[in-house]
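Derivation of every value follows stated rules applied to the coordinates shown; laboratory data play no part. Quick caveat: nothing in here was measured; it's all calculated off a predicted structure. Ideal geometry is used to build each Cβ from the backbone, glycine not excepted, and the neighbour counts take in all protein chains shown.
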Amino acid sequence: MGILIKKKSKFRGLHLPENKITSKKPIEELPVSEKIILPLVQNIGAPCSFLVEKGDMVKTGQKIADSKAYVSSPIHSSVSGKVKKISKIMNPATSQLMDAATIESDGQDRWVDIEQVFNINLSQDYRRLKTIIDSLKKEDILTAVREAGIVGLGGAAFPTHVKLKPPPEKKIDTLILNGCECEPFITSDHRVMLEYGRQVLVGLYIISRVLGPKNIFIAIEDNKKDAITHIKDLIFELTFDDIFKIVSLPSRYPMGAEKTLIKTVVDRAVPMGGLPMDVGVVVNNVTTAKAIYDALIEGKPLISKVITVTGEFKNPKNVLTRIGTPIRELIDLCGINDDKTNKVIIGGPMMGSTLVELDFPVVKGVNCVLARDSRIPDEQNCINCGSCVRICPMNLMPLVYARTVKSGRIDGLSDHYIENCIECGSCAYVCPANIPIVGYIKTGKAMLAKQKSK
Ligand code: SF4
Ligand code: SF4
């Protein structure tokens, strides 16, 4: 069998207009901002505490916040300069206030001493690189991943060192690298595969050394044929063809959701309330794999990422952006079409959050800034058509969540596994009554969390 597997899928999903207008736009690097804002909440799990205070001088790559909790991830400064203030800003995803450090850049971009772990020329020394990676200890890799502040960069922001260390009773036999990028408009992962493909594959190899799976798949939707071809060529060039396989998947939404992906690639069903490791699988995003390369081989922590700036912009782009850069700077760079825009979203049109404050910064979980003209139609009464139930990729009961939360109750939400909802937005998209189901789901989850914290 060759290294390319073309998969059909029984998963119906949604056929959404792709609008991937930036897929041919090479990544541009945004100049370092004069000021960056680094909120403490940038990962799922425990938030960090600051290691710096107002007036401190910091360098690029310096750790400025950390936590003793296992499920957490440190934060690093993406500029050199002075901590101007610690203040509260609002998290647009949760509407909750969080502490943030504002760092004024000195324009020097002076890095902390980077321990260049290996002096490697990636286009020449890949055989030596494999030997070096094979000699690394698993615990050292996990420590490096943690210390670099790496979280799931597909949007989930779950600490990667935790994901890469499942409990011993969970035997992992399959690793899937997720290059689906199924949300409309977003092309950052696509460009990362095209422009940093070698780093992505070496990062995947490092992950495979930690998990030791039998099967390693790189899943890419078939609307990215250039990425499939490029990654295939690189697999041969880097001599990974005996261990990596590419799986080309039909382009449907949300194919990139972990449970949908696992069902399609290896035909295993993650149980309700369970995790991929319950069926022996770990899924990592392509940009996360590149960040692992950067940390282990270049010695660099996570201080930047590629953001797709798209929708109603005069010049939509993919921009390599320092984490902490105010989103306003990306908007100014690309020139928003004011007359055609009434909303700026961070994330894609299906799962993103509306931005109310344009000075909110790029954080680790952001992969897209989308400007749109979208009027919200009036909500009608549910007509019990069942469309939302049929489309839900998690086999949930969206209409029950909307109805229950609307009535001001939360009893029964957990019985119907609301926690399993991935907020993909498919139910709201198909609802003929224009019910903002995901909004009700988010409210329901927040009410449950508040009840649990009492
Ligand atoms: S948002 Fe949640 S309930 Fe709605 S379709 Fe997606 S997973 Fe299902
Ligand atoms: S799709 Fe909308 S109208 Fe139809 S059952 Fe679900 S909530 Fe009700």
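When restricted to Cα atoms, the range 173-230 yields an Rg and a Dmax of 11.9, 35 Å, respectively. Computed packing ranks the peptides 170-177, 60-67 as 60-67, 170-177, most packed first, by mean other Cβ atoms within 10 Å. Note that the range 68-79 has calculated 3J(HN,Hα) couplings of 7, 5, 5, 8, 6, 7, x, 10, 10, 6, 9, 9 Hz, one per residue in order, obtained from phi through the Karplus relation 6.51 cos²θ - 1.76 cosθ + 1.60 (θ = phi - 60°); glycine and proline are x. Past the 22 Å Cα-Cα mark, which pairs from LYS8/LYS171; LYS138/LYS163; LYS25/LYS290; LYS59/LYS137; LYS6/LYS263; LYS165/LYS225? Correct reply: LYS8/LYS171; LYS59/LYS137; LYS165/LYS225.
Its alpha carbons considered, the chain gives a radius of gyration followed by a Dmax of 21.5, 64 Å. Normalised Debye scattering of the range 387-453 at q = 0.17, 0.20 Å⁻¹ gives log10 I(q)/I(0) of -0.50, -0.70, counting only Cα atoms as equal scatterers and leaving out solvent. Stokes-Einstein, applied to the Kirkwood radius of the range 115-298 over Cα pairs at a viscosity of 1.002 mPa s and 20 °C, places its translational diffusion at 131 µm² s⁻¹. Charge dipole (Cα centre; +1 on Lys/Arg Cβ, -1 on Asp/Glu Cβ; no other charges) of the range 386-453 amounts to roughly 160 debye. Charged neighbours of LYS54, selected by a Cβ distance under 10 Å, balance to +1 (K, R count +1; D, E count -1).
For n ≥ 4 DSSP H runs only, could you compute -39500 (n - 2.57) per run for the chain, divide by its residues and tell me the 222 nm figure to the nearest 500? Display every interim value, and only then the final one.
Values: 13 runs with 121 residues, N = 454.
Rounded to the nearest 500, the figure is -7500 deg cm²/dmol.
Candidate cross-link partners of LYS454 among the lysines, defined by an alpha-carbon separation under 28 Å and a same-chain spacing of 8 or more, comprise LYS68, LYS88, LYS406, LYS442, LYS445.
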